[in-house]
Amino acid sequence: MGIDSLTQKNKQELALFEQILGYRFTDLRLLQKALVHASFAFEHAFAGQDNETLEFLGDAVLDLVVGAALFQRFPAMREGGLTKLRAALVNETHLATMARAVELGRFLSLGKGEEASNGRNKSSILSCAYEAVVGAIFEDSGYETAQDFVLRFFIPTFDARREELLIADAKSRLQELLQEQYNEAPSYRLEAEDGPSHQKIFTVAVIFRESVLGIGTAGSKKEAEQRAAAAVLAEYDAVDGQ
């Protein structure tokens, strides 16, 4: 059995997946190939007909499309921030989430071992297959069509991921800012600890030169510190933007 016969065999399933994706392939074999995992190709003697080369292509397309879109959407963000945000959007975890959103796992062709070990829900397999689908769309219709597909699914996630990253990176960014301006770093002080032992809520203050710059509250001290730093940075950004 080769890609041609596998495509014919799975024609109805592939048509359903096209509906979910919102894209109809000119060459349906490209979509089928994007869904063939190496384990299936090995077991069925599909030499060179798994999804790994399409995955390589899709990875490059995703980097370009997402990078360009972030550059346009956040013109004031510096290179380091853009790089981190793009990495968060095209990493294995997020791509697997995107794959699950289009039910990609149910359409995969897997070897018996991967099938038995819940391969249809493995983030590593799903993320690679998602890249392969993007690569297949690019190969089928070119850059603009692939770009439209990627942005349709990714743009709604931009702001949420940006907020997560800003909070996660807030302490280091605030320290860099204060050391650059004053050659001093801030400190953090636990202000309150409320709630039962299994569900504590911590309130932390950012201290600089004996003054409270900001307050953060969260379920852990570390996250409360990050939120306190993020609150200070938000005020700095508001002043800079005036």
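Tabulated data for the structure shown
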| item | result |
| --- | --- |
| Size of electric dipole in segment 95-242: Cβ of Lys, Arg +1 and of Asp, Glu -1, about Cα centre, debye, nearest 20 | 620 debye |
| Accessible surface, per residue, of segment 1-63 when the full set of protein chains is kept, probe 1.4 Å, Å² | 54 Å² |
| Ranked packing of 229-236, 149-156, most packed first, by mean Cβ within 10 Å | 229-236, 149-156 |
| Restraint check, 122/221; 11/84; 171/200; 84/122; 122/171, Cα-Cα greater than 30 Å | 122/221; 11/84; 122/171 |
| Length-normalised contact order for segment 1-111 - Cα pairs under 8 Å, 6+ apart - percent | 32 percent |
| Candidate values (i) -0.21, -0.35; (ii) -0.25, -0.41; (iii) -0.35, -0.54, label of the one derived for log10 I(q)/I(0) by the Debye sum over Cα atoms at q = 0.07, 0.09 Å⁻¹ | (iii) |
| Mean Cβ neighbour count within 10 Å, used as a protection proxy, ranking 208-220, 96-108 highest first | 96-108, 208-220 |
| Anisotropy class of segment 65-203 from Cα gyration tensor, a/c 1.5 cut | oblate |
| Rounded to 5, percent antiparallel among DSSP beta bridges of the chain | 95 percent |
| Heavy-atom accessible surface of segment 83-201: percent carbon and sulfur, 1.4 Å | 47 percent |
| By average C-beta atoms within 10 angstrom, highest first, the peptides 9-18, 54-63, 191-200, 83-92 | 54-63, 83-92, 9-18, 191-200 |
| Mean Cα-pair separation over length for the chain, i.e. relative contact order, pairs under 8 Å, 6 or more apart, % | 17 percent |
| Inter-part distance where segment 137-163 and segment 19-46 are each reduced to a Cα centre, Å | 20 Å |
| Unit charges at the beta carbon, dipole of the chain: most positive-side option, 133, 85, 232 | 133 |
| Kyte-Doolittle mean at least 0.0 and Cα axial length at least 20 Å: DSSP H helices in the chain | 52-73, 123-141, 143-168 |
| Lys/Arg +1, Asp/Glu -1 at C-beta; the chain dipole; positive extreme among 204, 101, 178 | 101 |
| Mean ellipticity per residue at 222 nm, deg cm²/dmol - from DSSP H runs of n ≥ 4 across the chain, formula -39500 (n - 2.57) | -21000 deg cm²/dmol |
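The values are calculated or read from the model by the stated rules, or taken from the named source; none is laboratory data. Remember, it's a predicted structure, so these values are computed and weren't measured experimentally. Virtual Cβ from ideal backbone geometry, glycine too; neighbours counted across all protein chains shown. Just so you know, the surface numbers come from the protein's heavy atoms only, side chains and all, with ligands and any DNA or RNA stripped out. Shrake-Rupley method; radii C 1.70, N 1.55, O 1.52, S 1.80 Å.
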